[in-house]
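Structure, as structure tokens:
The values are calculated or read from the model by the stated rules, or taken from the named source; none is laboratory data. Note that this is a predicted model, so its numbers are computed, not measured. Here the Cβ positions follow ideal geometry from the backbone for every residue, glycine too, while neighbour counts run over all protein chains shown. Note: accessible area is taken over every heavy atom of the protein model, side chains too, but ligands, DNA and RNA are not part of it. Shrake-Rupley method; radii C 1.70, N 1.55, O 1.52, S 1.80 Å.
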Amino acid sequence: MQSTVFDVVIVGSGAAGGTLASHLARQGVTVALVEGGPRVDTRTDFNTHALPFEFPNRQIPAMRPGKPGFDSERSRGVGGKTMLWNAVALRFSQRDFKGRTHDGAGEDWPIDYKDLAPYYDRIEREVGVCGNRDGLEDLPDGEFLPPVPLKCSDEILQRAAASVGARIIHVRKATLSVPMNSRPACHFCGNCMAGCDVVAKYNSADVHIVPAEKGGRVTVFHDSIVREVMVSGGNRATGVRYLHRIHKREGEVRGRVVVVACACAQSVALLLMSKSRRYPAGLANSSGQLGRHFIPHFTGGIECVLGGLKGSRSANDEGFLDHAYLPSFVHGNQDRGYARSFGAQFNYQNRRLAGWAKTLPGFGQTFKASVKAAYPAILDFTPYGEMLPNGSYIDLDPDRVDKFGLPLARRHVRWGDNEEKLFNDMVRWSLTILQKAGAEILTVPAGPATNHELGGCRMGMDPRTSVVNRDCRTHDVPNLYVVDGSVFPSASEKNPTHTIMALAARTADHIADRLKRGEA
Amino acid sequence: MSGTRRHALKILGTVTATCAFPFASEELYGQHVMFVPAQAPAAGPYTPSFFAPDEYAVLVRLTDVIIPETDTPGASRAGVPEYIDRVVTANKEHQPLARAGLAWLVAEARGRFSRDYVSLDESQHAALLQPLSDAVDRAAREQQQARYRSAPGGRIYYVAVTDAAQPARPAVAVRKDSSEAVMPERFFRLIKNLTADGYYTSRVGLLEELGYSGNKYLPGFPQCSVPEH
């Protein structure tokens, strides 16, 4: 039982929680950061540089022997998903914030691009985002570090895309292309998603949390799985109750403000679990909107062999995975027959696994030769589409619990008419570009897969149709906030993390301001 | 690369994007169970734990027919039979098929060529395996073509039951060839898949055959030097 009352208690230490903690601490606010997983050190704990033949089953475990486990299901560990993310950092555009106004479907955000722009600037300055200033209306430029060169295969695709009116640009990633703030530049070992051991790639633990802890205002409660947000009779959040991951004892952390920032479905689940007489259907759910409007991205991965590189000499071209990006290019076409659009990530495959080899025909010498010829030319291409709020939702499983006895979150994903049209069009465009690039298609998607979970605690002006207001504050409880992908009213097709971090920085300013004025 | 750096690379061990990143290729076929990992391979000759010695001899020969020795070693010298034995030991669902398939090969060799399987010549191996390989390739091709055609129809409603939500996909009608195909074809597909996975993740397959040269410190990423096509 903690007797300290912190200014702010934050649940979750990923992109949102880490950014919030750091930005609050800099403004003199005391923070308790409550994280369900262990403290992990990206320099030493992940199996960053292993190769498959070092393991009899050829599967490389995430963690080195004897290191605390990083819950791969829920990315529990200090740093959350930023420890293993691919670091793509894209600004949303005004169209992304005003999708309903633009094409009549889905929802508008209650904020505009100009509200987040200064925070995008701030995040780019402090974490370092490399990229090129491309002058695209739909993908705003930022304060970028120099871009990294495109791969040969990107240049081939770039010419193919240009021939159908699409533009391929340098990827924008929160990975350093030049040294910054005592972090080295990326050395292109290709292991970004296995835990960057030099912190060239942003992770919230090393870039935001640890420095803030040294400043003395941030206290990390790791291995503490929050099971309830506590609320007083006066309708104020008073702190959180947690279950210790190792010794299973319960504990409490109390604060003047509580922020739920433990990733989309888990944030929804935590609020749904936090039932009381006043909130029998879950905390901050008087509207019944909690868990609704779940809008994850959907993808359709294609694997191919680029003709121009087939049979070439094997090159060390893993780089920092994808070096290029295909921004949305169909949103200007009013006749496309569906709302919203798609972008594509590609050329992120590593070259240390060849799971595709078995899909090549035949056996014997010709098979062996065909694998070798395809190897330098293998390319993965994945378009990402935006899902409209279509009835998809998150709830708690009434029958099943996890190993801590807590209910499991369920995702109910509905496949609507717009999604179907958009999916088919994005796969068709992808195949068109790949075929123009001289690619032989190895595999096409069996159907869409979901990625980047978003929605469930929708941000909006109307308390009857949303969970949080434009400041990420819940409509129901005046000192309770939600900051992560769950608040997105519209998902965009762009990777969400940069926007989550900008929202966190903006919310930190808002909370610090309220605390100073004695309002929180 | 400095000695220190090389050492660091060696002792640090990678997850290969098992996180929520949609790599287009399917998971390594048949690897459902994690073995206890070891940093160093065991010394000495391998004793198979699932396969009997005579079965194992047939398996060794078969893997070398699928990936033969050329200017680089073939499957058996790359440790593929050991890998397959481990996978089949750990995944019981493969055991009946593996055993039945090897017995089928032995019987076919005896019946058609009056020889032991391990002493068949190249043309006899081809006569046995080519029809199976062709059938497997045809089924895979049809499956891909069906995907082009089968635009997800209707409004499919599906539920991801746990926090591990990534498998969530609308159900698209894809022909399940494994249940329909005959045993020898299914057996060939299993062993080819395992042989390819085992070979190209081995030291020999990855470094010598494919020429993998990554996982190094690069001071900068080189500009592309391939001329325009």
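How about segment A:247-306: which of its residues are charged (D, E, K, R), within 29 Å of A:Lys421 (Cα to Cα) and in contact with a Leu (Cβ under 9 Å, 6 or more places away or on another chain)?
A:Glu303
Could you check segment A:241-254 and list, in sequence order, the residues that are assigned to a strand (DSSP E or B) and surrounded by fewer than 24 Cβ atoms within 10 Å (Cβ to Cβ)?
Correct list: A:Arg241, A:Tyr242, A:Leu243, A:His244, A:Glu250, A:Gly251, A:Glu252, A:Arg254.
Taking segment A:84-112, which residues are of a type in the set (A, V, I, L, M, F, W, C) and more than 9 Å from every other protein chain (Cβ to nearest Cβ)?
Matches in segment A:84-112: A:Ala87, A:Val88, A:Ala89, A:Leu90, A:Phe92, A:Phe97, A:Ala105, A:Trp109, A:Ile111.
Kindly provide the set of residues from segment A:174-213 that are open to solvent by 10 Å² or more (accessible area, probe 1.4 Å) and in a helix (DSSP H, G or I), ordered by number.
Scanning segment A:174-213 gives A:Cys192, A:Met193, A:Asp206, A:Val207, A:Val210, A:Pro211, A:Ala212, A:Glu213.
With the requirement that a residue be assigned to a helix (DSSP H, G or I) and among the polar types (S, T, N, Q), what does segment A:472-515 give you?
A:Ser486, A:Thr497, A:Thr499, A:Thr507
Kindly establish whether B:Glu69 is assigned to a loop (DSSP other than H, G, I, E, B), charged (D, E, K, R) and open to solvent by 70 Å² or more (accessible area, probe 1.4 Å).
yes
With respect to A:Val40, is the statement that it is in a loop (DSSP other than H, G, I, E, B), surrounded by 23 or more Cβ atoms within 10 Å (Cβ to Cβ) and β-branched (Val, Ile, Thr) true?
Yes, satisfied.
If you scan segment A:127-154, which residues turn out to be of a type in the set (Asp, Glu) and crowded, with 19+ Cβ neighbours inside 10 Å?
Within segment A:127-154, A:Asp138, A:Asp154 qualify.
If I go through segment A:397-448 residue by residue, how many of them are in contact with a strand residue (DSSP E or B) (Cβ under 8 Å, 6 or more places away or on another chain), among the β-branched types (Val, Ile, Thr) and more than 10 Å from chain B (Cβ to nearest Cβ)?
The number of residues fulfilling the criteria is 2.
Does A:Val29 satisfy the criteria of being closer than 27 Å to A:Gly255 by Cβ, outside any loop (DSSP other than H, G, I, E, B) and β-branched (Val, Ile, Thr)?
Taking the combined requirement at face value, the residue does not satisfy it.
Tell me which residues, restricted to segment A:255-310, are open to solvent by 20 Å² or more (accessible area, probe 1.4 Å) and either of a type in the set (Asp, Glu) or within 12 Å of chain B (Cβ to nearest Cβ) (or both).
A:Cys262, A:Ala263, A:Gln266, A:Gly307, A:Gly308, A:Lys310
If I filter segment B:189-229 down to residues being among the polar types (S, T, N, Q), open to solvent by less than 60 Å² (accessible area, probe 1.4 Å) and within 7 Å of chain A (Cβ to nearest Cβ), which single residue comes out as nearest to B:Leu129 (Cα to Cα)?
B:Asn193
What number of residues in segment A:43-66 are in contact with a strand residue (DSSP E or B) (Cβ under 8 Å, 6 or more places away or on another chain) and either closer than 24 Å to B:Asn91 by Cβ or part of a loop (DSSP other than H, G, I, E, B) (or both)?
Qualifying residue count, segment A:43-66: 5.
Residue check, A:Pro448 against (1) closer than 30 Å to A:Pro361 by Cβ; (2) open to solvent by 10 Å² or more (accessible area, probe 1.4 Å), all met but one. Which one?
Every condition holds for A:Pro448 apart from (2).
Is it the case that segment A:377-390 has a residue that's modelled with pLDDT under 95, surrounded by 21 or more Cβ atoms within 10 Å (Cβ to Cβ), more than 7 Å from every other protein chain (Cβ to nearest Cβ) and over 18 Å from B:Ala78 (Cα atoms)?
No, that holds for no residue.
Count, please, the residues in segment A:328-368 that happen to be closer than 30 Å to B:Ala127 by Cβ, open to solvent by less than 20 Å² (accessible area, probe 1.4 Å) and not aromatic (Phe, Trp, Tyr).
Number of matching residues: 8.
Within segment A:63-85, which residues are within 24 Å of A:Gly319 (Cα to Cα) and crowded, with 24+ Cβ neighbours inside 10 Å?
Selection gives A:Gly79, A:Gly80, A:Thr82, A:Met83, A:Leu84, A:Trp85.
Those residues that are of a type in the set (Lys, Arg) and either in contact with a His (Cβ under 8 Å, 6 or more places away or on another chain) or more than 14 Å from chain B (Cβ to nearest Cβ) (or both), I need them from segment A:126-167; list them, please.
Matches in segment A:126-167: A:Arg133, A:Lys151, A:Arg167.
Checking A:Gly343 against (1) part of a loop (DSSP other than H, G, I, E, B); (2) touching a Pro at 6+ places or on another chain (Cβ under 9 Å): exactly one of these is not met. Which one?
Failing condition for A:Gly343: (1).
Taking the conditions exactly as written (open to solvent by 30 Å² or more (accessible area, probe 1.4 Å) and either out of contact with any Asp or Glu (no Cβ under 6 Å at 6 or more places or on another chain) or within 8 Å of another protein chain (Cβ to nearest Cβ) (or both)), does A:Arg26 satisfy them or not?
Yes: the conditions hold for A:Arg26.
How many residues does segment A:38-65 contain that are over 24 Å from B:Thr195 (Cα atoms), at the interface with chain B (Cβ under 7 Å from one of its Cβ atoms) and not hydrophobic (A, V, I, L, M, F, W, C)?
Residues in segment A:38-65 being over 24 Å from B:Thr195 (Cα atoms), at the interface with chain B (Cβ under 7 Å from one of its Cβ atoms) and not hydrophobic (A, V, I, L, M, F, W, C): 4 in total.
Okay, residues lined up against (1) under 15 Å from B:Leu190 (Cα atoms); (2) surrounded by 13 or more Cβ atoms within 10 Å (Cβ to Cβ); (3) under 17 Å from the mean Cα position of the chain (by Cα); (4) away from chain A (no Cβ under 14 Å):
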residue	(1), (2), (3), (4)
B:Tyr46	no, yes, no, no
B:Val65	yes, yes, yes, no
B:Val80	yes, yes, yes, no
B:Ala90	yes, yes, yes, no
B:Leu97	yes, yes, yes, yes
B:Ser119	no, no, no, yes
B:Ala126	no, yes, no, no
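Pairs under 6 Å by beta carbon, first residue within 7 Å of chain B (Cβ to nearest Cβ) and of a type in the set (Gly, Ala, Ser) in segment A:344-363, partner in a loop (DSSP other than H, G, I, E, B) and surrounded by fewer than 24 Cβ atoms within 10 Å (Cβ to Cβ), six or more apart or different chains?
A:Gly355/B:Ser25; A:Gly355/B:Leu28
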